[in-house]
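Chemist: This is the structure, below, for whatever I ask next.
The values are calculated or read from the model by the stated rules, or taken from the named source; none is laboratory data. Bear in mind that the values here come from a model prediction, so they are computed numbers and not experimental data. Cβ coordinates were reconstructed from backbone atoms using ideal geometry, including for glycine residues, and neighbour counts include every protein chain displayed. The accessibility values were calculated without ligands, DNA or RNA, using every heavy atom of the protein model including side chains. Shrake-Rupley method; radii C 1.70, N 1.55, O 1.52, S 1.80 Å.
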Amino acid sequence: MGHDKTHSTANINVNTTSHSELHVTPIMTYVKVAGALYALTVLTVLAYQFRHAFGPLAAPIAFLIASVKAALVLLWFMHLKEDKMMNRVIFGTGFFFLALLFAFSALDIWTRIAEHSTL
Amino acid sequence: MIVPKRAYGVVLVTSSLTMALGIHFLQVRKKNQAILSLALTVVLGLVFMVVKYFEYSHKFHLGFLPGKFLDPSHVQAVHQNLGLYFGFYFCMTGLHGIHVLLGMGLIIWVAIRAAKGHFGPEFYTPVEGVGIFWHIVDLIWIFLFPLLYLVG
């Protein structure tokens, strides 16, 4: 109990560190991200030229490249990289419900029984 | 080569860059550069919509319309389901286009407020919010491009 004074001093020192610092992304970072996005667009078009060689993998490859582009936009342009954890969770929730929507749509299509009209 | 001509989505990528730069310039108190970046973003959005207009006109001209409106005389026997594809095509690109127009309006709004000196390093939340909206519109196009123009 005699150590109360030292404790409160320590607390004050901890509380002085600010939690609302302004994050300014350098211009070069934005330019590099945009450069990567252009390069990936070129890659998408290039992959399209070889779509016959890729066969059924052509579409997943195209969407994989798109996902990398999406990650770049989300992390740097939308500042998710330097954002609070809570905002990332909120963002993730959106994708969770999108995945849920896709999952149920896919289930519907996969479990359909082919029926021919009698009319 | 028809694909590179269709890859005009790079216009939106560039507009995302100028949008991000607009916020950067507000953070470092460079008001004029910020307004210029935001104006450039609106111009690039407009370029995207003009290309969209020519693309739609071309499709209308060929009779490539959704569902029962599809002109069968332009379609070979293997493509009889093209009406379904164009239903998706016009709904998805149309809804995206409406969001581009909305975004352009919002950017004009924050640009005017920036010109009035409402924003600086201490407060730029509306610009950040509009920026996030603009980036998500760009993000949707990143997926619509392979979906409708390459895979579809």
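Chemist: For the subset of segment B:7-40 comprising residues that are of a type in the set (Gly, Ala, Ser) and modelled with pLDDT under 95, which member is surrounded by the fewest Cβ atoms within 10 Å (Cβ to Cβ)? I'd like the intermediate steps shown before the answer.
Modeler: So in segment B:7-40, the residues of a type in the set (Gly, Ala, Ser) come out as B:7, B:9, B:15-16, B:20, B:22, B:34, B:37, B:39.
From what is left, the residues that are modelled with pLDDT under 95 are B:7, B:9.
On the way: B:7: 17, B:9: 21.
In this case the residue turns out to be B:7.
Chemist: Out of the residues in segment A:71-80 that are facing chain B (nearest Cβ under 9 Å) and open to solvent by 10 Å² or more (accessible area, probe 1.4 Å), state the one that is farthest from residue A:44 (Cα to Cα).
Modeler: Of the residues in segment A:71-80, the ones facing chain B (nearest Cβ under 9 Å) are A:73-74, A:76-79.
Next cut, open to solvent by 10 Å² or more (accessible area, probe 1.4 Å) only: A:74, A:76, A:79.
On the way: A:74: 19, A:76: 21, A:79: 25 Å.
Filtering first and then ranking leaves A:79.
Chemist: Next question. Please enumerate the residues belonging to segment B:118-152 that are outside any loop (DSSP other than H, G, I, E, B), more than 7 Å from chain A (Cβ to nearest Cβ) and over 16 Å from the mean Cα position of the chain (by Cα). First the steps, then the outcome.
Modeler: So in segment B:118-152, the residues outside any loop (DSSP other than H, G, I, E, B) come out as B:120, B:123, B:125-151.
Imposing the further condition that a residue be more than 7 Å from chain A (Cβ to nearest Cβ) reduces the set to B:120, B:123, B:125-131, B:133-134, B:136-137, B:140-141, B:144-145, B:147-149.
Scanning segment B:118-152 gives B:120, B:123, B:125, B:126, B:127, B:128, B:129.
Chemist: Sticking with this one: Please find, within segment B:1-53, the residue that is farthest from residue B:146 (Cα to Cα) out of those that are free of Cβ contacts under 8 Å to residues at least 40 places away in the same chain and not in a helix (DSSP H, G or I).
Modeler: So in segment B:1-53, the residues free of Cβ contacts under 8 Å to residues at least 40 places away in the same chain come out as B:1-2, B:4-5, B:10, B:14, B:17-18, B:21, B:24-25, B:30, B:32-33, B:36-37, B:40, B:43-44, B:47, B:50, B:53.
If we keep only those that are not in a helix (DSSP H, G or I) as well, we get B:1-2, B:30.
Values: B:1: 16, B:2: 14, B:30: 37 Å.
If we take residues in segment B:1-53 being free of Cβ contacts under 8 Å to residues at least 40 places away in the same chain and not in a helix (DSSP H, G or I), then B:30 is farthest from residue B:146 (Cα to Cα).
Chemist: Applying the selection to segment A:59-70, what residues are closer than 18 Å to residue B:134 by Cα and more than 7 Å from chain B (Cβ to nearest Cβ)? If you could, list the steps in order and put the result at the bottom.
Modeler: Keep residues of segment A:59-70 that are closer than 18 Å to residue B:134 by Cα, which gives A:66-67, A:69-70.
Answer for segment A:59-70, where residues must be closer than 18 Å to residue B:134 by Cα and more than 7 Å from chain B (Cβ to nearest Cβ): just A:67.
Chemist: Restricting attention to segment A:103-111, does a residue exist that is open to solvent by less than 40 Å² (accessible area, probe 1.4 Å) and at the interface with another protein chain (Cβ under 8 Å from one of its Cβ atoms)? Spell out how you get there, then give the answer.
Modeler: Initial filter on segment A:103-111 (open to solvent by less than 40 Å² (accessible area, probe 1.4 Å)): A:106.
Among the residues that remain, those that are also at the interface with another protein chain (Cβ under 8 Å from one of its Cβ atoms) are: none.
Scanning segment A:103-111 turns up no residue that is open to solvent by less than 40 Å² (accessible area, probe 1.4 Å) and at the interface with another protein chain (Cβ under 8 Å from one of its Cβ atoms).
Chemist: In addition: Does at least one position in segment B:55-64 carry a residue that is touching a residue at least 60 places away in the same chain (Cβ under 8 Å) and not aromatic (Phe, Trp, Tyr)?
Modeler: No, every residue in segment B:55-64 fails to be touching a residue at least 60 places away in the same chain (Cβ under 8 Å) and not aromatic (Phe, Trp, Tyr).
Chemist: Could you list all residues from segment A:21-68 that are open to solvent by 60 Å² or more (accessible area, probe 1.4 Å) and in contact (Cβ under 8 Å) with a residue 12 or more places away in the chain?
Modeler: Within segment A:21-68, A:23, A:43, A:68 meet the criteria.
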